[in-house]
Amino acid sequence: MMSIANGVWPTMITPYTEDNKIDYNAVERIIQWYDEQGVTGIFAVCQSSEMFFLDKKERLELAKFVVDHTPSHIGVIASGHVAPEVEDQIEEAKAIIDTGIQSYVFISNQFAKEGESDDVVRGNIERLIDNIPGDSFGIYECPYPYKRIVTPENLKWCADTGRFTFLKDTCCDVDMLRAKINAVKGTSLKVFNANSATLLESLKMGAAGFSGVMANFHSDLYAWLCANFEKEPEKAKLVQDFVGFASVIECQCYPVNAKYHMNLEGVPMNIFSRSRDMAELTGSRKLEVEQLHGLYQHFKKEILG
């Protein structure tokens, strides 16, 4: 059983060229920036990557490129679990696993249609993992096309198969997080919180780290918090207050604003997105991103040195 390392796993964004192809020069620069920020791993081909707007070939090529260009001390996991039919999901999973990723991540809402029971979910999970070679799978509670939160009972069931190592949790609820973390205690399945506001509390309860969109803005603060929340509790509270409040920017026009922020960080790229109209990033919204960036730089210098 592979183990997913604790820490920060950014949900990687996908930059595009002017002619709407994946900009692999920019992808490589994002990987370098993640490395400089001190992340543990990269979650590629996910919703932040606009996987629902990439074709099968693009999803596969993107996963392969990230694996091939990521330093060996940084892990790579990937999804691409978007096909409606189980047979197609199996074939695509096999192809993405063959790129050399550490773990293949299923999307929880693809296990069953909205309104279908947890029995259907378990049946489809069994069918998938019985037909897909691999000893490290993950689950992402993706909010699109609908959000299916994995219950603590189902999560324990997944952990007990011995083949699940990762959950990207999006429940945004401290009590639910506690129940899930307790449910998988002593197993190889680790819970990574995607919600900034509840991160510190979840780390105290035993969450393994952070895997959310805000790692595309200031991964280094999340990396520091995950590594130091027990050693420096007072400073950790200040960092939590900053990242929690700063996360309201994700409600603006993500991932366009993240691409704009990457430019401010010295990672040049087109801010075009297939999933969001870049015209939504108005002049005022650009100022909001710029002001957050300035505040982040000041905070990092004053608090973390």
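Structural remarks
- Our coupling estimate for the range 53-63, obtained by passing each phi through the Karplus curve with A = 6.51, B = -1.76, C = 1.60 and θ = phi - 60°, is 10, 9, 7, 4, 5, 5, 4, 5, 5, 5, 4 Hz, Gly and Pro reported as x.
- Of all aspartates and glutamates in the structure, the ones whose alpha carbon falls short of 15 Å from that of Lys113, not counting any fewer than 8 places away in one chain, are Glu85, Glu141.
- Sorting Glu91, Glu234 by the number of Cβ atoms found within 10 Å of their own Cβ, with the fewest placed first, yields Glu234, Glu91.
- For q = 0.10, 0.15, 0.16 Å⁻¹, Debye-computed log10 I/I(0) when each Cα of the chain counts as one equal scatterer: -0.51, -1.21, -1.37
- Using the Cβ-Cβ distance between Tyr146 and Ala5 with R0 set to 30 Å, the FRET efficiency works out to roughly 0.45.
- Taking a ≥ b ≥ c as the square roots of the eigenvalues of the alpha-carbon gyration tensor, the range 153-305 is classed oblate because a/c is 1.5 or more while a/b is no larger than b/c.
- Taking every DSSP bridge with both residues inside the range 7-231, close to 5 percent are antiparallel.
- Here the sum of -39500 (n - 2.57) over DSSP H runs of 4 or more residues, divided by the residues of the chain, equals -14000 deg cm²/dmol at 222 nm, to the nearest 500.
- For the range 7-231, a simple Cβ point-charge model (Lys and Arg +1, Asp and Glu -1, everything else neutral) yields a dipole of about 660 debye relative to the Cα centre.
- Note: relative contact order over the range 93-166, using C-alpha pairs below 8 Å and six or more positions apart, is 38 percent.
- Whole-Å distance, taken between Cα centres, linking the range 1-60 and the range 101-120: 21
- For the chain, a Gaussian network of Cα nodes joined below 10 Å ranks Gly115, Gly138, Gly186 by mean-square fluctuation, and the top entry is Gly115.
- An ellipsoid equivalent to the range 1-149, defined through the eigenvalues of its Cα gyration tensor, has semi-axes of 26, 17, 14 Å when rounded to whole angstrom and sorted largest first.
- Extension gain (nm, one decimal) between Arg274 and His69, 0.36 nm per residue minus Cα-Cα: 71.4 nm
- Karplus (6.51, -1.76, 1.60) ³J(HN,Hα), θ = phi - 60°, over the range 209-221, in Hz, Gly and Pro reported as x: x, 10, 9, x, 5, 5, 5, 7, 10, 8, 4, 5, 5
- Normalising the average separation of contacting C-alpha pairs (under 8 angstrom, six or more residues apart) by the number of residues puts the relative contact order of the range 7-231 at 21 percent.
- The Asn20 and Glu85 beta-carbon pair, evaluated with R₀ = 25 Å, returns a calculated FRET efficiency of approximately 0.35.
- Summary of the geometry: the range 223-271 and the range 128-205, compared by the centres of their Cα atoms, lie 22 Å apart.
- Put simply, when 201-207, 293-299, 40-46 are sorted by average Cβ atoms within 10 angstrom per residue, most first, you get 40-46, 201-207, 293-299.
- Listed by chain and number, the aspartates and glutamates placed with their C-alpha closer than 16 angstrom to that of Lys286 are Glu250, Glu265, Asp277; residues fewer than eight positions away on the same chain are left out.
- Summarising the label geometry, the points placed 7 Å from Cα in the beta-carbon direction at Glu290 and Glu232 lie 3.1 nm from one another.
- Reachable lysines from Lys64, criterion Cα separation under 20 angstrom, eight or more residues apart if same chain: Lys21, Lys56, Lys94
- Compared with the alpha-carbon gap, the fully stretched path from Glu302 to Lys113 is longer by 63.2 nm at 0.36 nm per residue.
- Counted by neighbouring Cβ atoms within 10 Å, the residues Phe164, Phe272 run from fewest to most as Phe272, Phe164.
- Separation of the Asp175 and Ala197 label points, Cα + 7 Å toward Cβ, nm: 1.6
- Cβ-Cβ FRET estimate between Val120 and Lys204, R0 fixed at 30 Å, reported to 0.05: 0.30
- Panel order for Thr282, Thr170, Thr17, by other beta carbons found within 10 Å of each beta carbon, from fewest to most: Thr282, Thr17, Thr170.
Here, each number is a calculation from the coordinates, and none is a lab measurement. Everything numeric here is computed off the predicted structure, so don't read it as measured data. Cβ coordinates were reconstructed from backbone atoms using ideal geometry, including for glycine residues, and neighbour counts include every protein chain displayed.
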